[in-house]
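Notes to accompany the following structure.
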Amino acid sequence: MIKTRLLYSLFLGMALLSSSCTTKENEENKKNMPVDYVNPYIGNISHLLVPTFPTVHLPNSMLRVYPERKDYTADEVNGLPIMVTSHRGSSAFNLSPYNSVKEELRAIKSYTYDLEKIKPYRYSVYLDGMGIDVDFAPAHQAAVYELKFERDGEHVLVVNTRNGELKTEANRVSGYQIVDNGPTKVYLYMEFEQNPVESGALENGKIKKDHDAVIGKDQAVAAVFNEDVVGVRYGISFISVEQAAKNLAREINTYQVGQVAEAGRKIWNEALGKIEVEGDDENQKTVFYTSLYRTYERMINLSEDGKYYSGMDHQVHEDGGIPFYTDDWIWDTYRATHPLRILIAEDMERNMIQSYIRMAEQTKEGWMPTFPEVTGDSHRMNGNHAVAVIWDAYAKGLRGYDLEAAYLACKAALTEKSLLPWKRVPNTVLDVFYHEHGFYPALRPDETEYVSEVNPNEKRQPVAVTLGTSYDDWCLAQIAKELGKTEDYTYFLKRSYNYRNLYNAETGFFHPKDGKGEFIEPFDYRYSGGKGARDYYDENNGWVYRWDVPHNPADLIALMGSPEQFTDNLDQTFREPMGRGKPEFYAQLPDHTGNVGQYSMANEPALHIPYLYNYAGQPWKTQKRVHTLLKQWFRNDLMGIPGDEDGGGMTAFVVFSSMGFYPVTPGSPSYNIGTPMFRRVKLELKGGKVFEIVAEKYGQDNIYIQSATLNGEEWNKPWFNHEDIADGGKLVLVMGNKANTQWGSDIKDVPPSVESIIE
């Protein structure tokens with residue numbers, strides 16, 4: 001299944017789509033393929049937050065859809081989707097079929113439905129109240145529908161735009177929709193296989209034959225057909241209607257959904273087949289490959305025939321043969337999604353970094369983006385973690401982009417742009433304070449916010465900002481060192497220790513200080529900070545942010561006094577009770593779900609915490625924690641994800657941890673060893689080289705490492721370097737059902753952090 005072909009070959013018209021094989025060959029191709037393990041419904045019911053969506057798309061493609069309904073349990077869908085412009089936004093345009101022109105035609109109709117089936121590459125559903133069978137398959141920038149009407153007579157297709165323009169001409173519909181109040185637009189070009197007997201604008205529930213165009217909000221056009229089966233295919237674009245038509249012509253020239261779906265299935269198998277797993281638990285394989293599928297939701301490739309639209313300057317650019325990617329919530333994805341791509345799709349990761357640099361160059365300020373979307377940089381959450389993505393790639397040997405340009409954009413973001421959450425503004429008085437004093441100041445509970453730039457809902461988040469920026473500064477310092485910028489290196493390396501300024505030695509927590517440098521008292525590390533703890537932290541409480549120093553666990557151990565005290569504090573994180581009933585706890589901390597004590601499996605700042613035992617000489621506890629967390633919270637069912645997945649941000653943790661290792665510190669070319677969930681794992685790396693993880697004495701209860709070899713040599717460290725596996729390699733872990741407290745326990749052999757990386 002591991003292949004050396006390019007991951008993303010485009011649809012090549014009928015040369016690809018009409019490739020045929022015998023029924024027997026088709027059946028053989030459908031056995032035990034990775035995509036067949038994917039269950040898009042996992043997590044469609046959330047514990048509290050935004051659930052996953054059963055997204056139908058090709059890997060990292062511009063065109064994505066999912067059924068539009070209130071939630072998974074809703075018994076109605078609102079029309080048929082055309083595309084979504086962000087990974088969990090509403091559909092831009094809808095297609096609504098009707099059985100008769102005599103019905104009241106609406107821009108978007110709600111349907112009861114049944115027999116829904118969703119694969120990454122195909123969507124089918126029966127609109128049971130209307131008697132219409134629906135079948136759908138996507139390409140990268142185009143898609144095809146087949147609609148079968150059970151009832152005789154004339155049939156109607158209504159196409160809507162929520163805020164834009166549509167027109168009909170012969171067997172075509174074209175137009176655009178304004179995205180998020182503009183100026184970004186998404187364009188549509190649609191063709192019908194059959195010629196309509198009439199078409200026109202939809203006004204007051206009726207078709208106006210003498211009007212072929214509409215413009216405005218919630219507008220629609222309609223076409224009427226005599227046939228019982230109607231084929232629809234379309235292209236989408238962020239450049240123009242003409243480009244949407246070109247995208248369709250390039251990718252699909254058939255109305256056969258099965259052909260397009262089979263081509264999509266092959267592309268998905270090529271992508272997911274970069275990692276092979278062998279094990280006895282089929283549900284575990286489903287969780288694994290579904291998680292891997294989720295990591296391909298973002299970023300998306302916006303290049304269209306060598307051009308792309310950028311939301312940074314709202315211009316169309318030439319891509320120079322380098323695809324342009326956007327739609328990345330870096331606060332989530334820098335932790336594990338980008339590091340995963342470095343291993344299995346490094347060309348794409350390189351192109352994404354080049355896209356970051358282009359985005360910065362397209363802004364008047366030259367700031368590196370934080371949450372780039374098709375509409376621009378929305379700057380959600382806190383931190384400037386693109387610097388971690390870039391340094392992690394460089395530290396692991398990825399080249400082919402302008403590191404100097406990346407450095408200047410990252411430095412500008414960290415020194416000229418405010419560190420305020422959910423804001424993209426120049427430095428404020430709070431930032432001036434930070435640069436002078438080394439921490440973001442907090443308000444006392446009786447103080448009223450006086451800085452107008454602070455988002456009233458997101459607050460200052462001073463501890464989260466200080467900790468996250470300390471890590472960003474460490475990454476920037478490493479780039480400065482690589483570029484020979486010694487003065488900058490020294491400056492930002494010193495700033496990377498700013499987390500110390502908020503460490504409360506009496507309590508062992510990171511504790512907010514006011515503008516006078518005094519700790520806010522009294523203080524409850526579980527509940528102080530208001531909704532989402534945002535007065536001080538962000539989405540999680542002080543128990544989670546106690547561990548938010550991924551670049552320097554060695555120093556955190558020193559601050560806490562000893563490795564033994566460090567592990568005791570870790571243990572207590574997983575044991576500390578909520579202190580209040582669940583309704584009260586989650587009313588205040590709705591993102592802090594997936595609780596094990598005060599640990600939150602459901603939120604990204606907690607993902608690395610189970611691996612921190614490795615740094616204190618107790619790796620068997622990492623093995624136990626990781627295995628337990630995966631089994632408890634990630635399952636093959638509708639509630640099988642504990643919180644906000646965020647398009648690969650959390651599921652990349654599942655992919656890595658299931659394989660048996662994890663990148664605790666993006667920017668450090670090393671991986672922490674956990675415990676494998678499979679007997680054997682194979683990763684296809686660059687050039688077809690293979691890194692293999694083998695679990696000897698594999699079994700459901702055998703979760704503890706007894707001994708190990710790496711590339712044939714005895715290995716007694718709970719980590720390994722990227723260079724150990726970059727050209728392929730083999731990690732053999734001998735497993736047992738009871739902890740071997742001697743393996744990996746030598747403090748001299750713990751994973752590297754700042755103390756051992758810097759000079």
- For region 318-412, state which GluC sites (Glu not before Pro) are in a DSSP loop and have at most 14 other beta carbons lying within 10 Å of their beta carbon. 365
- Message: Between 0 and 90 degrees, rounded to the nearest ten: what's the tilt of helix 386-395 against the longest Cα principal axis of the chain?
- Response: 70 degrees
- Message: Apply the a/c threshold of 1.5 to the C-alpha gyration tensor of region 567-652 and tell me whether it is rounded, prolate or oblate.
- Response: oblate
- The rounded separation in angstrom of the Cα centers of region 233-285 and region 604-669 is 29 Å
- Mean Cβ count within 10 Å, highest first, over the residues of peptides 288-300, 54-66: 288-300, 54-66
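Can you tell me what share of the DSSP beta bridges in region 617-759 is antiparallel? A percent to the nearest 5 is fine.
75 percent
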- Query: Tally Lys/Arg at +1 and Asp/Glu at -1 over every other residue whose Cβ is under 9 Å from the Cβ of residue 473; what's the total?
  - Reply: +1
- Over what distance in Å are the Cα centres of region 697-759 and region 36-106 separated? 43 Å
- Message: Within 13 Å, Cβ to Cβ, of residue 587, how many net charges do the neighbouring residues add up to if Lys/Arg are +1 and Asp/Glu are -1?
- Response: +1
- Item | Student exercise, the chain dipole from Lys, Arg, Asp, Glu Cβ charges, in Debye to nearest 20 | 640 debye
- If a/c stays under 1.5 just call it rounded; otherwise compare a/b with b/c (prolate if a/b is bigger, oblate if not). Do that for region 62-272, with a ≥ b ≥ c from the square roots of the Cα gyration tensor eigenvalues. rounded
- Which angle between 0 and 90 degrees, to the nearest 10, do you get for helix 563-573 versus the longest principal axis of the chain when only C-alpha atoms count? 40 degrees
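List the GluC sites (Glu not before Pro) in region 500-592 that DSSP assigns to loop (not H, G, I, E or B) and whose Cβ has at most 15 other Cβ atoms within 10 Å. Which are they?
Passing both the DSSP loop test and the Cβ count: 506, 518.
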- Item | Two-decimal Rg to Rh for the chain - Kirkwood Rh, Cα set | 0.98
- Message: For the chain, give me the percentage of DSSP beta bridges that are antiparallel, rounded to the nearest 5 percent.
- Response: 95 percent
- Task: Under a cut-off of 18 Å between alpha-carbon atoms, report the aspartates and glutamates in cross-link reach of residue 738, not counting same-chain residues fewer than 8 places apart.
- Result: 696, 701
- Item | Nearby lysines by direct alpha-carbon distance to residue 582 (threshold 28 angstrom, same-chain neighbours under 8 apart not counted) | 70, 459, 531, 621, 624, 631
- Message: If you take every residue apart from residue 217 with its C-beta less than 12 Å away from the C-beta of residue 217, what net charge results, scoring Lys and Arg +1 and Asp and Glu -1?
- Response: -1
- Note on the structure: In degrees, nearest 10, the alpha-carbon axis of helix 282-294 is tilted away from the dominant principal axis of the alpha carbons of the chain by 80 degrees
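Bear in mind that the values in this text are calculations on the coordinates, not laboratory data. Quick caveat, the model's predicted, so the values are computed rather than measured. For neighbour counting, all protein chains shown are included, and Cβ atoms are generated from backbone atoms with ideal geometry for every residue, glycine included.
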